[in-house]
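Remarks on the structure that follows.
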Amino acid sequence: MNPSASWDKTFDVVVIGYGGAGAAAAIAAHDAGAEVLILESTSRGGGNTLVSFGGFASPGETDKAVSYISALYEYSHSEKDDGLIRAFVEESSKTIAWLKNLQEGVEVLTYGGASYPDIPGAEAIKRYVIKGPHKGATAFAQNLWLLLSGAVEARGIPVLTQAPAERLLTGPDGAVTGIMASIRDKKLLIRARDGVVLTTGGYGSDAEMLRNHAKGSPLYTLGHQGNRGDGVRLAQKVGAGLWHMNGVSCAFGIKVPQFESALLIAIGAAGQILVDRSGKRFVNEGAIERHAGLLSVDFFDSQSLTYPRIPSYLLFDEATRKRGPVSRTAGLGYAGVQHTWSKDNSVEIMNGWIIRDETLSGLAGKIGVDAKTLQHTVELWNRSVRAGRDSLYDRELPHAPLTALIETGPFHALEIYPCLLNTQGGPKRNEKAEVTDPFGEPIPGLYSAGELGSMWGLIYQGGGNIAEALAFGRIAGAGAALRHATGGFRRSFR
């Protein structure tokens, strides 16, 4: 689309979306000498970065990290770009130094490593968080966002909120030259002399895109409600190719009427088992990688024409209920910041979120599963606990195995759904963070970073999305700024 009217505003680089990726891109573009504008469609910045745990991967030994990440694609048969993987590893290894350079006194803490530690090269993957003043489940995310947004403010980079981008504008040669945005119901044409960086997040809140690209139904989102797939549509309109549209980071959660987003629920604590809609266990609850929940339940039964594991039911007894919060992760996510889970689960019972009954057969009736099947499932589990070994799925039992029994009424259940932390798919980008067309050719003037068109496929490495947002945000921002200095010729940021 080529604007027929004159430009209302002109900047060197325009960043669309103000989360972690958008902040990193804007900072990098500014520090490379560009005049930058950030547009955010919602009322405040932060996006999924702000409601996440806040962790980011920063690999150590490059070759080992490349080997490990490459294996995730080989196991999942997802589309892979070797150059992009190496660029990610090399740039992510600089992230801690870059963050510390944003503000004096920044401290980082190590909290984990590879999500799949048995894959060769896993030892090179390390995950970090930012130490800071905030408390609670999203403390590290808030610390990170405080650092990033503070750096944006310190540089005087303007941020326009409630300003959704409606179209990318192109010249006669197809190069992206600017955007059409809606700002307080007024259409503005904003020129981007050097480039546009798309950092709009994914499509977890777009039901139509989820129906077309993600297997499993229903799916709910834990993430920011601004992730509506805007960037996917903007990029498609100017000829972008897509990839990883079936890739999601998906945990488990509950959907309650009080909140638009779902509440995150941890699976696999002592005294909890997961049963399907028939009342049977179907998985080692303790071995589900927290970002791969959907892969545990997306089985479609071609005879009943249903997803028999959606919803599933998290089952536990009164002793486990009294022992502590059924989920210590419920503070994460967009809805989680609005609800503090009670210490004994009493508030959630009162709210009707936790279903309870004095007997297993009564509970079975309330959740709609066969009473005899549920009774048999619980009896088999209790026998396994007393024998010291899970006879079905070899789940590791706690050091005090009797705490895993389910035998003291009242009995309780949570209706569990796959709930998206974020989606991965979108416009494909190369190692320079340039958005490419279906033939792999860069679209001049268009860049992307973050979970929009993420590098991750069907298998996701924890801490990988924020790591990618920070790494490719920097590459995209500086790369766009350098287009003007080099007369429009592409030049690697690295």
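All of the numbers you see were taken from the coordinates with simple rules; none came from a lab. Everything numeric in this text was worked out from a predicted model, so none of it was measured. So basically every Cβ, Gly included, is an ideal-geometry build from the backbone, and we count neighbours across all protein chains shown.
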- Query: What ranking do 297-305, 458-466, 170-178, 380-388 get when scored by the average of other Cβ atoms within 10 Å per residue, highest first?
  - Reply: 458-466, 170-178, 380-388, 297-305
- Task: On a 0 to 90° scale, report how tilted helix 62-76 is relative to the longest principal axis of the chain, with both axes built from alpha carbons and the result rounded to the nearest 10.
- Result: 60
- Message: If every alpha-carbon in segment 28-185 counts as one equal scatterer, what log10 I(q)/I(0) does Debye give at q = 0.08, 0.12, 0.21 1/Å?
- Response: -0.33, -0.73, -1.27
- Counting only DSSP beta bridges with both partners in the chain, the antiparallel fraction in percent, to the nearest 5, comes to 70
- Task: Could you work out, for segment 1-57, what percent of all Cα-Cα pairs fall into each 10 Å distance bin, beginning at 0 Å and stopping at the bin that holds the largest distance?
- Result: 21, 40, 30, 7, 2
- Tilt relative to the chain, helix 82-92 - C-alpha long axis, 0 to 90 degrees, to 10: 90
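Starting from the Cα coordinates of the chain, work out the convex hull volume and express it per residue in Å³.
Dividing the Cα hull volume of the chain by its residue count gives 148 Å³.
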- Query: Which one of L402, A433, N345 has its Cα pushed farthest toward the positive end of the charge dipole of segment 345-490, where Lys and Arg give +1 and Asp and Glu give -1 at the Cβ?
  - Reply: A433
- Note on the structure: When S296, S391, S6, S278 are arranged by how many other beta-carbons sit within 10 Å of their Cβ, fewest first, they go S6, S391, S278, S296
- How many nm is it between the label spots at K135 and F300, if each spot is 7 Å from the Cα in line with the beta carbon? 4.8
- Item | Lysine pairs within segment 249-420, Cα separation less than 23 Å, 8 or more sequence positions apart or different chains | 8
- Message: What is the angle, in °, between the Cα long axis of helix 139-154 and the longest principal axis of the Cα atoms in the chain? Nearest 10 is fine, range 0 to 90.
- Response: 10
- Would you please give the FRET efficiency between K322 and F439, computed as 1/(1 + (r/R0)^6) with r the Cβ-Cβ distance and R0 = 56 Å, to the nearest 0.05? 0.35
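What FRET efficiency comes out for R383 versus E415 if R0 is 25 angstrom and r is the Cβ-Cβ distance? Round to the nearest 0.05. Please list the in-between numbers first.
Numbers: r = 26 Å, r/R0 = 1.05.
After rounding to 0.05, the efficiency reads 0.40.
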- Length released on extending from I349 to S43, taking residue separation times 0.36 nm less the Cα-Cα span: 106.8 nm
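Thinking of segment 249-420 as a set of Cα atoms, what percent of all their pairs are more than 30 Å apart?
For segment 249-420, the fraction of Cα-Cα distances above 30 Å is 10 percent.
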- Item | Sequence ranges 367-373, 214-220, ranked by mean other-Cβ count within 10 angstrom, highest first | 214-220, 367-373
- Item | Sites Q375 and N246 - FRET efficiency at Förster radius 45 Å, r taken between beta-carbons, to 0.05 | 0.75
- Message: Can you sort V15, V275 from fewest to most other Cβ atoms within 10 Å of each residue's own Cβ?
- Response: V275, V15
- Order of T199, T110 from fewest to most other C-beta atoms within 10 Å? T110, T199
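Check segment 1-143 and count each lysine pair with an alpha-carbon distance under 17 angstrom, considering only pairs eight or more places apart or from different chains. Don't skip to the answer; put the middle values down first.
Working: K64/K80; K64/K94; K64/K126; K94/K126; K100/K131.
For segment 1-143, the number of qualifying lysine pairs is 5.
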- Task: Report the charge-dipole magnitude of the chain in Debye, nearest 20, computed about the Cα centre from +1 at each Lys and Arg Cβ and -1 at each Asp and Glu Cβ.
- Result: 580
- Helix-derived mean residue ellipticity, 222 nm - over the chain, DSSP H n ≥ 4, -39500 (n - 2.57), to 500: -8500 deg cm²/dmol
